[in-house]
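The values are calculated or read from the model by the stated rules, or taken from the named source; none is laboratory data. No experiment lies behind these values; they were computed from the predicted model shown. We place every Cβ from the backbone using ideal geometry, glycine too, and count neighbours over all the protein chains shown.
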Amino acid sequence: MHGAPDERGVAIAREGAPLALDGIFLAAAGGSAADGAVIAPPHPLYGGSMQSPVVGEIAYACQKAGIASLRFDWRGVGASAGEPSGSARNADQDFAAALGHLEETVNGELLACGYSFGAAAALRAGAGHPRVTRLVLVSPPPGLLDRGALARFAGRVWMATGEADAIAPARELEALAARARRARFLVIPECDHFFAAGLAELGRELSTWLAGSASAASEARSEP
């Protein structure tokens with residue numbers, strides 16, 4: 001993972017809560033972008049944070065593709081206020097707060113992205129949001145995925161996992177991806193759930209897909 005000079009810290013307000021979540025906004029290459037991505041980290045009770053190399057790699061892939069991004073820490077993690085929680089309800093509230101913040105920053109379409117536990121939250125948030133046209137789901141545990149939401153989502157989906165990932169097994173995820181209307185499924189060789197290897201390939205493949213899917217993303221909301 002490499003640093004980026006266009007990163008800046010942001011405070012993300014949560015509706016009905018006096019304190020905020022901590023986030024990092026990364027501008028698109030060139031400094032401006034019509035589209036933006038929210039990127040959610042892994043499980044907050046198991047060390048998941050926006051400092052994850054995988055979360056950072058997703059952000060940098062977005063930057064290369066001309067997409068601004070906002071990655072954040074769940075409540076109670078890092079400088080985010082509150083108590084850490086592994087509940088889907090709290091994760092959905094946190095993700096919604098980040099989406100709301102980014103909506104005020106970019107004028108175009110939104111992407112919902114996440115890694116592991118964060119990928120499941122991204123699916124739930126993106127499936128019901130009118131401006132979300134693409135999903136990026138990295139190593140989502142199959143048991144956490146909302147299968148109905150995945151099947152209903154009208155936009156494009158990029159899903160990836162490692163060949164040796166025991167938490168997000170490729171065979172199960174490939175079967176789930178087949179239910180989506182427009183899905184690209186990728187298995188990264190010699191890679192497990194924690195991406196000690198395969199991180200660079202993840203970034204390359206994602207940035208290529210993001211660039212190629214940009215012109216097609218607007219079709220998602222215009223087709224029945």
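A few comments on the model shown:
- Residue list for segment 63-102, filter: outside any helix (DSSP H, G or I) and over 19 Å from Phe25 (Cβ atoms): Gly76, Gly82, Glu83, Pro84, Ser85, Gly86, Ser87
- Residue, surrounded by the most Cβ atoms within 10 Å (Cβ to Cβ), within segment 47-102, restricted to residues that are of a type in the set (Lys, Arg) and farther than 16 Å from Val136 by Cβ: Arg75
- With respect to (1) in contact with a Lys or Arg (Cβ under 9 Å, 6 or more places away or on another chain); (2) under 26 Å from Pro44 (Cα atoms), the lone exception for Thr133 is condition (2).
- Looking at His2, His43, just one residue is at pLDDT below 95 and in contact with a helix residue (DSSP H, G or I) (Cβ under 9 Å, 6 or more places away or on another chain), and that residue is His2.
- Segment 15-42: number of residues that are crowded, with 21+ Cβ neighbours inside 10 Å and assigned to a loop (DSSP other than H, G, I, E, B): 5
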